[in-house]
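To start, the structure under review is shown below, and the notes come after it.
All of the numbers you see were taken from the coordinates with simple rules; none came from a lab. Everything quoted here is computed from the prediction, not taken from an experiment. Every residue, glycine as well, gets a Cβ built from its backbone with ideal geometry; the counts of neighbours run over all protein chains shown.
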Amino acid sequence: MLIQRNINFLKHINKSWINNSAFKNVHVQKLNFSTTTLSGDNLYKEIKNLNEFIHKKPSLTKNTIVQSNLKFNRLSSSNTSTPTSETKDSYKKSIKLVDNKELVLVKIGGGVIEDIDNLINSINFLKRIGLFPIVVHGGGPQLNAELASKGVPAEYVEGLRVTTAEVLAIAQRVFLRENLKIVEALEASGTKARPINQGVFQAVRLDKGDTNLYGFVGDVTDIHTDALASCISSDYVPVISSLAMSEYGQVLNINADVAALELAKAINPLKILFINTTAGMKDGDGKVMQHIKLDEQYDNLMKQAWVKHGTKLKLKEFKKCLDCLPPTTSITITSPELLQKELFSKTGSGTTVERGEVILTNKSPSFDTLKFKALLATVQPTVSYNQLKSDLDSGNMKLCVNSHYTTAILSRSDKNQLNVIEEFLVLDPSQPQSDAIASLLKSEPFIWKSKNSILNSWFKELSTGFNGDIYWANIDLPKVDQYLKNPGSLGAGNYFQNLQSSSSFVTTNKKDRYRVGLIGARGFTGGHLVRLIGNNPQMELAIASSSTNFGKPVTSEFPNLKSNLLFENVKPENIDLFTKDHNIDGWFFALPDKVSEPYVKTISSYTGDMPSIVDLSSDHRFNPQWTYGSPETNREQIKQSKFIANPGCYATGMYLSLKPFINDLACPPSCFGISGYSGAGSKPSDKNDPKRLSDNILPYKLVQHTHELEVSHQLNGQVPIYFMPHVGQFFQGITLTISMEFRNPITKEQIIDRYQKFYANEPLIKIDKDGIPEVKSNMNKHTVTIGGFAVNGNHLVVVTTLDNLLKGASTQALQNMNLTLGIPELNGISGEL
């Protein structure tokens, strides 16, 4: 099998650069990109000290690694004990960046610093191809030379330098000097750089109690990323020394390899590069090992006589680091002059270290029950491990799972000694891949039946043959023919169903609870929708899709939600498969404008029961084939429709305020609106930057705003409106001051009477007869409040407030979905009124 080297790195390299470079013949698209990940959330309490089970989405499937609102996380390894102030707890820091940047962590060996020209060229090369290096450097050879000149011996214990007070003082001077050497060389080459000698690593002394084996050597407990954020946002390459500081200000020496890998856990970089003079890790014969798969080789490597001191320390730290990062993460060890060859060739020249993958059974010594429980609870939340344990213990059923705990199979042996697969457990059905499972299926006879449309394409790759929904591997055709004649002998995914029916667990009948999917389940609106769906006794969130959070538990974004879902990545090309396999009754599209149409096109040709669609974007508000989703004015049409265009936030307030008087207007009304900055979305911009908005109001799109056109269109084009939107310094809410001129004089009493009659029995429309509606009074409420009535002859001014994230978006979307599914309109909402 071809070794897949550096695939997630290549995936993110600027394609235009590749096409115009000397590497344009590298066929990146032919590589078999892996997208496995691992997660599970309903067992968080049980495995809260085993955070490495809950991996972030692998970087190769992300649109960006460092996003505008970047979370640096450090996930602890499996041997981490209950966190205390002196143990390696989670590193967490949120950083707001101006531009998206792809991070590459570069650890520079001290010997490489002497070859400064090649080193700087390598770092600049990374920047030229669209990557952003974070540099961590050592200085061992330089420190040894300095110690020797002063007659101080260099001592090591298990690969770590013994650091006395004298050695520490010399080390600080040496590291400062070498740091500045790198920074000045980068600056001279035209790359902006900043020195960071301390402040990133916080540590405690490695020596415990009264022991003094290591001296002033630190054990990293925390990562502080403020300085890194400042550098990255200003486009300065940070150059970091491997010195830490204790809670009380004591400087501590950190092995540079350890420092770099601890930082990698915190920032989850796209790539980890170790640049040294040996251009790789050498075996006992002095040859560079091109590829190390730790899950498969670690135990054996650690037994080798030649693995000692620094090599042993590196392998231990490599394993601890990679165990905490997505399974696709790898570490490349190379030299400056060979960096390009290492990154862009299939054979490479240095060493690539990755986790690798092996098959474990439920009887393997290293089988981790808690990790499997996390997988099971995520993929089959209605089945507990205890329910299938008796079958596993008795040997009636065999469990095989990959060491990443992302894919598992449950099989039984039949009378022909063939392995009949009863169930596949796949964490990410849309992109299944496990080299270990694939190898297993190629080495033993297996047969299975599947009606899972999403997995079937993968099954075709794994099998040696298939007929309809029956697949087999390594089985002679005469034996297969027996199953083709009697397909009922195959499980077809009934094993878990039978377990459920034999247990005390009672599933919810589909007629009592409708299954809905949410695409765009990340932003402010998506968050409110997730909560409201959870409130709805007749609705179940079956799919939450977010390309940014793909693979993470939904509770990582919405911690108060009781759910064991993972974020999916539903795409236009597979939404029909998700609809079929998850029995989706309705879809919410909480997507940016001009994104939803490909999804609609696919689902429109769906041959099963057509799901209802509520689109929160503006894409279909002008389409006569779609129903405008204003329940207070269009309720009966919504009930009969499958395609609902949810009104815009400003548009909701303007439309409801103007609708009762549309036939009385003498001229176009003027609407002055101010929205909280959440209306500009969660992606950082000048319209939601609190610093710019402080003591400020920002006007924008003062003519031909989408909501101006929308309201004019929905009022049948009888009278156009003029709309002047602004963003205020508050987070959420909308206030609208609307000026109308009528053909005939009108009194305040007549105005109030018209509104009250028009919206009689509408619980989400409130008419404030005497007061002036305020944003803060309507914040976090599901209602539209109309009031502040000022009348002079035929001139009327009203003030309307609503919450842009609720009635202006998610509340109204849920009203519409409830109506189109035929359930009470205020389900999920009424409990919060």
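Here the spin labels are modelled as points 7 Å beyond Cα on the Cα-Cβ line, and at residue 731 and residue 442 they lie 5.2 nm apart. Maximal additional length on extending the residue 605-residue 774 stretch stands at 56.2 nm, based on 0.36 nm per residue less the C-alpha distance. Determine, from the Cβ-Cβ distance of residue 164 and residue 210 and an R0 of 22 Å, the FRET efficiency 1/(1 + (r/R0)^6), rounded to the nearest 0.05. Efficiency computed from Cβ-Cβ geometry: 0.85. One decimal place: the segment residue 790-residue 485 gains 101.7 nm when fully extended, by the rule 0.36 nm per residue minus the C-alpha distance. Checking the cross-link pairs 314/389; 282/320; 208/271; 316/363; 373/479; 107/571 against a 31 Å limit on the alpha carbon distance flags 314/389; 208/271; 373/479; 107/571 as lying beyond it.
Restriction of the trypsin sites (Lys or Arg not before Pro) in the stretch 197-304 to DSSP coil positions whose beta-carbon has at most 12 other beta-carbons within 10 angstrom yields 208, 287, 303. With the cut-off at under 13 Å, measuring from each backbone N in the stretch 620-641 to a point 7 Å along the Cα-to-Cβ line of residue 663 picks out no residue.
Over all pairs of different C-alpha atoms in the stretch 384-499, the reciprocal of the mean inverse distance, the Kirkwood hydrodynamic radius, equals 14.5 Å. Beyond 22 Å, how much of the Cα-Cα pair distribution for the stretch 237-362 remains, as a whole percent? Roughly 40 percent, once rounded to a whole number. Dividing the mean sequence gap of close Cα pairs (under 8 Å, 6+ apart) by how many residues the stretch 615-764 holds gives a relative contact order of 29 percent. In this simple spin-label model, placing a label point 7 Å from the Cα along the Cα-to-Cβ direction at both residue 283 and residue 757 gives a separation of 9.2 nm. Going by neighbour counts of Cβ atoms within 10 Å, the residues 614, 358, 383, 112 line up, fewest first, as 358, 383, 112, 614.
Hydrodynamic radius of the stretch 115-197 by the Kirkwood approach over all distinct alpha-carbon pairs: 14.3 Å.
In the stretch 198-287, the ratio of gyration radius to Kirkwood radius, Rg to Rh, stands at 1.04 when only Cα atoms are counted.
For the stretch 638-725, the normalised intensity computed at q = 0.19, 0.20, 0.24 Å⁻¹ comes to -0.92, -0.97, -1.19 (log10 of I(q)/I(0), Debye sum over alpha carbons, equal scatterers, no solvent). Once you sort the root eigenvalues of the Cα gyration tensor of the stretch 234-298 as a ≥ b ≥ c, which label holds: rounded (a/c under 1.5), prolate (a/b larger than b/c) or oblate (the other case)? It comes out prolate by the Cα gyration axes. Applying 1/(1 + (r/R0)^6) with r as the Cβ-Cβ distance of residue 642 and residue 741 and R0 = 30 angstrom yields a FRET efficiency of 0.15. Both radii are taken from the alpha-carbon atoms of the stretch 649-803; with Rh as the Kirkwood radius, Rg/Rh is 0.97. In this simple spin-label approximation, residue 623 and residue 149 carry label points 7 Å from Cα along the Cα→Cβ vector, and these lie 7.3 nm apart. Relative contact order for the stretch 384-499: 22 percent, from Cα pairs under 8 Å spaced at least 6 residues apart, divided by residue count. The equivalent ellipsoid that matches the C-alpha gyration tensor of the stretch 133-242 spans semi-axes of 28, 19, 9 angstrom, in descending order. Between residue 453 and residue 184, the contour length at 0.36 nm per residue exceeds the alpha carbon distance by 91.1 nm. In this calculation the C-beta distance from residue 396 to residue 290 is compared with R0 = 45 Å, giving a FRET efficiency of 0.55.
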